[in-house]
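Visitor: Dropping a structure here in structure tokens format, bear with me for questions.
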Amino acid sequence: MENKKANFLAILKKYFRKDELWLVPNILCYVRVFLIILFLCFYLIPFSIAGNPFAHYYVSCAMLVLAAYTDFLDGFIARKFHQTSELGRIIDPISDKMLQCAGAAALCVTLWEYPLIWAMFGIFVFKEFIMFLELFIMAADGKSFQRAHWYGKLSTFVFYLVLGCLIVVTPFLMELVEEGTVQLYVDILCSIAIVVLAFALVMYLFLAYRIMRIERKEVEEETEDRKS
């Protein structure tokens, strides 16, 4: 029991140091979480400005863009001004996934009648769950992916782009064109997101397998060297 308590306190000291709490990149992560809450409120609670019934979509999209921009900005500042931290390595990806999840969940609420919206949300949740398991298992062995890879960045960019297009354009299409055209628009965008997310998941699975296999091979070679 004492060992578990000591390990827990050691983790807290490592990731929640006072001198890291208020670094600019970490503050931007806190701001991103606040913008996520504002996005959900503005998107899901309709209101009009100067008689414009789509005003809440404009404002919610602005919150989404600002939140996505903080994701770029905190990484840039952390690298440029050497403000990387253990805390940032945790809260940055968490807040990033919170933003993506909030956007997809909001679409599920407002566009619930389109099946591929749910499929896109499902593959996103499944991908992040598998990624979390991978990271947890690799961290337990003292290993990690070390850095973001192009397919991860690509999937994030495409997912944000699809979310933005669905959030901003779909309400206008529903007012201007027939249902079949709206369905086609939603299905095409969701299919693109699903394919890219699934591709990134498969690539990360292969990467984790290679990392674990290399580590296992090194251990076996070291064992053989000791025997000889």
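Every number in this text was worked out from the coordinates using simple rules, so none of it is lab data. Not measured: the values here are computed from a predicted model. All Cβ positions, even for glycine, are placed from backbone atoms using ideal geometry, and neighbour counts span all protein chains on display.
Visitor: As an exercise, use a Förster radius of 22 Å and the Cβ-Cβ distance of L133 and A105 to find the FRET efficiency, rounded to the nearest 0.05.
Guide: Numbers: r = 21 Å, r/R0 = 0.96.
Efficiency computed from Cβ-Cβ geometry: 0.55.
Visitor: A further question follows. Among the listed pairs K18/K127; K127/K153; K18/K153, which have their C-alpha atoms separated by more than 24 angstrom in this model?
Guide: Details: K18/K127 33 Å; K127/K153 14 Å; K18/K153 31 Å.
Table pairs above 24 Å Cα-Cα are K18/K127; K18/K153.
Visitor: Taking R0 as 45 Å, what FRET efficiency do you get between C165 and R79 from their Cβ-Cβ distance, rounded to the nearest 0.05? Each step should come with its number before you reach the end.
Guide: Working: r = 29 Å, r/R0 = 0.65.
Between C165 and R79 the formula returns 0.95.
Visitor: Stokes-Einstein at 25 °C, 0.890 mPa s, Kirkwood radius from Cα pairs: D for the stretch 64-106 in µm² s⁻¹? Intermediate results must be reported in sequence, preceding the final value.
Guide: Numbers: Rh = 11.0 Å.
Value of D from the Cα-based Kirkwood radius: 224 µm²/s.
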